[in-house]
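Below is one structure. I have some questions about it.
The values are calculated or read from the model by the stated rules, or taken from the named source; none is laboratory data. In this text the structure is predicted, and so the values were computed from the model without any measurement. A quick note on method: Cβ atoms are made from the backbone with ideal geometry, for glycine too, and the neighbour counts reach across all protein chains shown. Just the protein is used for accessible areas: all its heavy atoms, side chains included, with ligands, DNA and RNA removed. Shrake-Rupley method; radii C 1.70, N 1.55, O 1.52, S 1.80 Å.
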Amino acid sequence: MSISVIEIRGLCVDYALASGVLRAVDDVSFTLSRQEVLGIAGESGSGKSSIALALLGLLDSTDSRTRGSVDFDGQSLIGLDEAGWRGIRGRRIGAVFQSPRECFNPTMTIGQHFEDALREHFGLSRQLATTRTLEALERVRMPRAREVIGSYAFELSGGMCQRAALALALVLEPAVLIADEPTASLDLLAQVDIARLLAELRTELGLAMLVISHDLGLIGRLADRVAIMHKGRIVETGPTVQVFREPTDAYTRELLAACRPASTRSSMSGTGATA
Amino acid sequence: MLRFIATRIAGVVPQLLLVSLLAFGIVKAAPGDPVASLAGGVEFMSAADHARVSHNLGLDQPLPVQYGRWLARMLQGDWGSSLKDGRPVFEVVARALGYSLLLVGIVWTLIIVTGIVLGYLAGSAPESRRDTVISGFAALSFAVPPFWLGLMLIVVFSVGLGLLPASGSARIGGSGSLIDRAAHLVLPVATLLLTQLGPYIRLVRSSVRDTLSAGFVRAARARGLSRRTLVRRYILPNALTPFITWAGLSLPLLISGAFVVEWVFSWPGLGRLFLQSAMSREYPFLMGCVVVVCTLVIAGNLLADCLVAALNPKLRRSHAGE
Amino acid sequence: MSEDLSTWASREYRALPWVALLQHRLAFFGLMLLLVMVLLSIFGPWFGQDPDAADAATIDQAPSGTHLFGTDHLGRDLFARVLLGGRLSMQVGVFAILIAAVLGGLYGLVSGLGPRWLDHLMMQLLDTLLSIPVILFAVLIQATGEPGVLRLSIAIALVSWMGVARIVRTECQQLMRTDFVLASIASGSGALQLVARHLLPNIARPLLVVLTVSIGQALILEATLSFLNLGVPANIPSWGNLLGSGMRAALSGAWWAVLFPGLAIVLAVVAINFIGDGLRDAADPRRRLRL
């Protein structure tokens, strides 16, 4: 029990649309152990992101339904009240999302986001918060960290925003980091940068991570194990190297074939390095 | 930022010019002979006298010259006087403006506060019973003519129950106490508030809904921030930006409503003055009211835009980048 | 083939609002309510009591079995007069908005398709006109002449066309940027002809929403101006005139003289706004059902 931080059993997520009920996640089960990186791969619309939202209790209860069990550190997250969730979100399970720039409030500076989080979770004063923010920004190798604290998200590049978002997630010292398409909206150089940073942080901090992406290159580089999702179901799961080398499922083969000749050849060699 | 304000102010100039043209047009459209009306009728004047007076008043000049002179007089505060009893337009309009500002000011403040509160309550729980009730009220508010609600309130509270005064700004011959004045404000304020609130609620509701689904709100929730911080620092500052613009843009609507309400409750403001002047064809007063009202609206919009710009970091920083 | 596709798409566009409208509960309710009111206004005065029959014996009577809405200061049946008033009020509302649609449509077309400087100038003018309170504008128009039904309709149209102009302009500009228009212009087709063929299907829905809501506002404006004696001549019953002449009676206790004509206006405007909401929601792809 103490080994797995996250244990999901039979998770189903339904959305109510005007055209009918959509089952986005269909009977999904997996575990995430301490210090482990699990990749969830699949094309867009395969239900990957709904898993992330379910783990954070962020699915809107007015137009969606969640069933199954979600345990964090042996504690069930299903049916948790708002106060209970506040102890989990950010503090125990951190998250970074796609389109990092939109993840910052346009009327606040980057530093103010850190201030809010540190005040609410640790009760830190402004001065202490600034020190911690600088440390966190330096940990993600943010150039000109002092300047960034006083900047707005629209003044930073996409890659810098994602760095800042990562720092903001890590400053609360979570046990698990969910990275939902962390590189999808970035330009190619920034993608490589963020992927390298995630890999470095992972070895430095010994963090458990859930990397959700359609980019098999990224998954191959970071993940110890991978789960392939298709139409809401996990069709194949296993150690990344094995799944990538000898896929057993037809859809996995298709997905890998679609990826290989494209931009990810260099990252695929990165898979070999991890193995 | 300064640049933005400068361009915005430059944009106001043609607007003001257009308004002044409209006002000048009203003066010119006045029926009858302005020279003859000075002397009390054509029959009291010789042709030579008529020509001399016309020349003295500048009425024999081409229209652009007349407009220029008229504009200069307006800017000096010489707005002419009543065609019938000679009351000076500037003073009468200024006094009425005071009353209107009191009424509209109170209503505007109340509308902004209740609009934000009700709009937030509806928008933060879409499709709930709370939302249905508030949205239903907003829809009804759209559909009720202000003058009719005013009449009904008078019928119920003044004629029926005898609780509140139905007309004027204070009891005639009364002491003019604060309570008496406040009592005279209750029904006009309630009428205007209830009939104008709809669009404000709708706007806040939909922009709160949009903001709630924004990425930064989801990200902030994912960091486990308290509801209080979320609402005060993430949702409201972003949801209220369109509201500030609207608070400026909606001034004409509010004034339209206030005009009719002033009439129904005999509130001695600009609206009543304007409508009385329209019925008695007192063109100088019509002109004065148009100038004052349009200038106020334009100024209100300018203020709202500048406020939005000051609150928007993108605009605030733009001068540094260029 | 592209020809087939575009006609198919435009038919889809025209058919959809009605289907969605009938599925939208409030809009359906509004449609039915309005239909009843319109039919009553058209046919009611032929079958019910004579709206102009004065009777000294029945002056200012409260609502009863014989006089559903009571009687006015001349003893005339108010129910019949409200029905008759509805005829004129709705006529003025619809007529005014038709004129406004033409005016706004032309303004929007010129502004949307004309050169940039002209567009800029015309939008500046539009903004300035929008900053003039509607009542002030309409009263100015009405005060410079004798009241009459046609004059009133034109006055209402003159303060109501701006919304239409905005939409037509925006749609024109968006359309001119689309690939198929650019391609057709490049291949030598006339831009105007294209706009005529593609504008209408694209614009139908937003235009319908604006026009529907405008009719409601026109009803309120008609009532307001007539109430102020600046609208329809006082001898013709309209909802506004009934309220204007009922005011004195109401102030001495005859509440029914203002309650019923006002309720008629509110019901009609609510019904029209519900239809407008239905049309707007039908165009909203975010609409979701609840579990």
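Restricting to Cα pairs below 8 Å that are 6+ residues apart, what does the relative contact order work out to for chain B? Please round to a whole percent.
27
Related question: How far apart, in nm, are two points set 7 Å out from the Cα along the Cα-to-Cβ line at C:Leu98 and at A:Gln242?
7.8
Please compute, for peptide C:221-230, the average count of beta-carbon atoms on other protein chains lying within 10 Å of each residue's beta-carbon.
4
Tell me the carbon and sulfur percent of the accessible area for chain B, rounded to whole percent, probe radius 1.4 Å.
67
Dipole of the protein assembly as shown, Cα-centred, from +1 at each Lys and Arg C-beta and -1 at each Asp and Glu C-beta, to the nearest 20 debye?
1420
Let me ask another. Sequence-distant or interchain residues sharing an amide H contact under 5 Å with C:Gly70, placed H: which?
C:Ser64, C:Leu78, C:Phe79
Can you give me the distance in nm between label points at B:Met279 and A:Arg253, each placed 7 Å from the Cα along the Cα-to-Cβ direction?
Result for the modelled spin labels: 9.0 nm.
Treating only the Cβ of Lys, Arg, Asp and Glu as charged (+1, +1, -1, -1), what charge dipole size does segment B:185-318 show about its Cα centre? Round to the nearest 20 debye.
1140
Ranked highest first by the average count of other Cβ atoms within 10 Å around their residues, in what order do A:74-80, A:54-60 fall?
Highest to lowest by the protection proxy: A:54-60, A:74-80.
Averaged over its residues, how many other protein chain Cβ atoms are within 10 Å of peptide B:147-158's Cβ atoms?
5
Which value in nm describes the separation of the simple spin-label points at C:Asp179 and B:Ile106, placed 7 Å from the Cα toward the beta carbon?
It is 6.1 nm.
At R0 = 56 Å, how high is the FRET efficiency between C:Arg248 and B:Ser213 if r is their beta carbon distance? Nearest 0.05 is fine.
0.55
May I pose another question? Please name whichever of A:Val171, A:Thr240, A:Gly150 sits farthest to the positive end of the charge dipole of segment A:81-274, dipole taken about the Cα centre and charges placed at Cβ: Lys and Arg +1, Asp and Glu -1.
Of the candidates, A:Thr240 comes out farthest on the positive side.
Among C:115-127, B:15-27, how do they line up by average Cβ neighbours within 10 Å per residue, starting with the highest?
The peptides rank, most packed first, as B:15-27, C:115-127.
Between A:Gly84, A:Gly20, A:Gly68, which gets the highest mean-square fluctuation from a Gaussian network model of chain A, Cα cutoff 10 Å?
Per the Cα network of chain A with a 10 Å cutoff, A:Gly20 tops the list.
Let me ask you something else. Placing +1 at every Lys and Arg Cβ and -1 at every Asp and Glu Cβ, with all other atoms neutral, what dipole size does segment B:89-320 have around its Cα centre, in debye to the nearest 20?
Approximately 1220 debye in magnitude.
What are the equivalent ellipsoid semi-axes of the protein assembly as shown, built from the alpha-carbon gyration tensor (square roots of five times its eigenvalues), in whole angstrom, biggest first?
For the protein assembly as shown, the semi-axes come out at 62, 32, 28 Å.
Under the 0.36 nm per residue contour assumption, what length would be gained going from the current alpha-carbon distance of B:Ser226 and B:Ser46 to full extension?
Here the answer is 56.3 nm.
Per-residue ellipticity at 222 nm for the protein assembly as shown, helices alone: DSSP H runs ≥ 4 residues times -39500 (n - 2.57), over residue total, nearest 500 deg cm²/dmol?
Taking each H run of at least 4 residues, the total per residue is -21000 deg cm²/dmol.
Given axes a ≥ b ≥ c from the Cα gyration tensor, I'd like to know whether chain B is rounded (a/c under 1.5), prolate (a/b larger than b/c) or oblate.
It is oblate, given that a/c is not under 1.5 and a/b is not larger than b/c.
Which FRET efficiency value, to the nearest 0.05, do you get for A:Asp81 and B:Glu127 by plugging their Cβ-Cβ distance into 1/(1 + (r/R0)^6) with R0 = 25 Å?
Once the sixth-power term is evaluated, E becomes 0.70.
Would you pull out the residues with amide H under 5 Å of A:Val226's amide H, same chain only if 5 or more places away, H placed 1.01 Å from N?
A:Gly39, A:Gly238, A:Thr240
Please check which bits of segment B:233-271 a label hung off B:Lys84 would reach, taking the label as a point 7 Å along Cα-to-C-beta and the cut-off as backbone N under 18 Å.
Taking a point 7 Å out along Cα→Cβ of B:Lys84, the residues of segment B:233-271 whose backbone N falls under 18 Å are B:263-264, B:266-271.
Cross-link partners among lysines for A:Lys231, C-alpha distance below 16 Å, same-chain residues fewer than 8 apart left out?
A:Lys48
Also: Could you rank the peptides C:175-188, A:32-45, A:106-119 by their average count of other C-beta atoms within 10 Å per residue, with the highest value first?
Top of the packing list down: A:106-119, A:32-45, C:175-188.
Given q = 0.10, 0.14 Å⁻¹, what are the Debye log10 I(q)/I(0) values for segment A:81-274, with equal point scatterers placed on the Cα positions and solvent ignored?
Each listed q corresponds, in turn, to -0.45, -0.82.
Sticking with this structure for a sec: For peptide B:223-232, what's the mean number of Cβ atoms from other chains within 10 Å of each residue's Cβ?
If you average over the peptide's residues, the count of other-chain Cβ atoms is 6.
So, one more: Suppose R0 equals 41 Å; then what is the FRET efficiency for A:Leu188 and B:Ala94 from their Cβ-Cβ distance, rounded to the nearest 0.05?
FRET efficiency, A:Leu188 to B:Ala94: 0.05.
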